[in-house]
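S.K.: Once you've had a glance at the structure underneath, I'll fire off some questions.
The values are calculated or read from the model by the stated rules, or taken from the named source; none is laboratory data. None of these values were measured; they are calculated from a predicted model. Note that each Cβ is placed from the backbone with ideal geometry, even for glycine, and that neighbours are counted across all protein chains shown.
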Amino acid sequence: MSYSYAVEQAIRAASVLHKDQVRKGKVPYPYVTHLFAVAMIVSDYTSDENTIVAALLHDTLEDTDYTEAELEDDFGGDVKDIVLSVTEPSLKTDDKSGVSEQKKQYLKQLKVASERALVVAAADKIHNMRSIVEEYYDNHSEFIADFGSSFDDRMYMYQEISNTLNRNLKNAILSEFNSVFTEYKNFIQDVEKKRNEY
């Protein structure tokens, strides 16, 4: 990742905004580890500063009190647009079954998102899937305890994201995404087999 003033400011902002948050899993890693990892993955495939900054800030609107206006004031409209494209909207809904309205809206956003936003989305999913496979590879019961057993909804979302990325993304990150997604699908199939044995 190329160091710059904007990247430094994004690192600081992400660290402060997510300071009390941790990643789900056996080890409560500070949430910023995910943001830094996503930015590092993004920087393997683009040197565009705004895309890297957006990667560092991609969860701020979804998971913190940071506003769109503050994001634009601090980092510009370009970064704001990328972050908005990969942010699940806050929609009030009482429906807890199936794929939520937030998830459906997220999928709609991705279908019309810019190439740069799709690179951030791909990197985000690469890190999430890779982290799950690495942490729970030999501990399926703990994965179910931490993430639930609604595999159909989970796989539907990832498959729809994969379909969108494979249709619209021209960046070389797509190859890494597809490879990690294959590992993730195999992992979920193994978890389902293990669950059905009980």
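S.K.: Have a look at ARG154, ARG116, ARG130 and point out the one that is surrounded by 14 or more Cβ atoms within 10 Å (Cβ to Cβ), modelled with pLDDT under 95 and either touching a helix residue (DSSP H, G or I) at 6+ places or on another chain (Cβ under 9 Å) or among the aliphatic types (A, V, I, L, M) (or both). Step through it out loud before you land on a result.
M.R.: Details: ARG116 fails: modelled with pLDDT under 95; ARG130 fails: modelled with pLDDT under 95.
Only one candidate qualifies: ARG154.
Conditions (1) surrounded by 17 or more Cβ atoms within 10 Å (Cβ to Cβ); (2) over 16 Å from the mean Cα position of the chain (by Cα); (3) basic (Lys, Arg), marked per residue:
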| position | (1), (2), (3) |
| --- | --- |
| ILE161 | yes, no, no |
| LYS170 | no, yes, yes |
| SER175 | no, yes, no |
| GLN189 | no, yes, no |
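S.K.: Follow-up question, since we're still on this one. If you scan the range 149-198, which residues turn out to be closer than 25 Å to GLN109 by Cβ, touching a residue at least 40 places away in the same chain (Cβ under 8 Å) and not aliphatic (A, V, I, L, M)?
M.R.: PHE151, ASP153, TYR156, GLU160, THR164, ASN168, LYS170, ASN171, GLU176, PHE177, PHE181, TYR184
S.K.: Output the qualifying pairs, or none if there are none: Cβ atoms under 9 angstrom, residues six or more apart or on different chains, first residue in the range 7-25 and without any contact (Cβ under 8 Å) to a residue 40 or more places away in the chain, second residue among the aromatic types (Phe, Trp, Tyr) and crowded, with 19+ Cβ neighbours inside 10 Å.
M.R.: What qualifies is LYS19/TYR31; ASP20/TYR31; VAL22/TYR31.
S.K.: Further question: Looking only at the range 177-187, filter to residues that are farther than 18 Å from VAL42 by Cβ and not hydrophobic (A, V, I, L, M, F, W, C); which one of those is farthest from the chain's Cα centre (by Cα)?
M.R.: Selected residue: ASN186.
S.K.: Restricting to the range 28-53, count the residues that are touching a residue at least 12 places away in the same chain (Cβ under 8 Å), outside any helix (DSSP H, G or I) and surrounded by fewer than 19 Cβ atoms within 10 Å (Cβ to Cβ).
M.R.: 5
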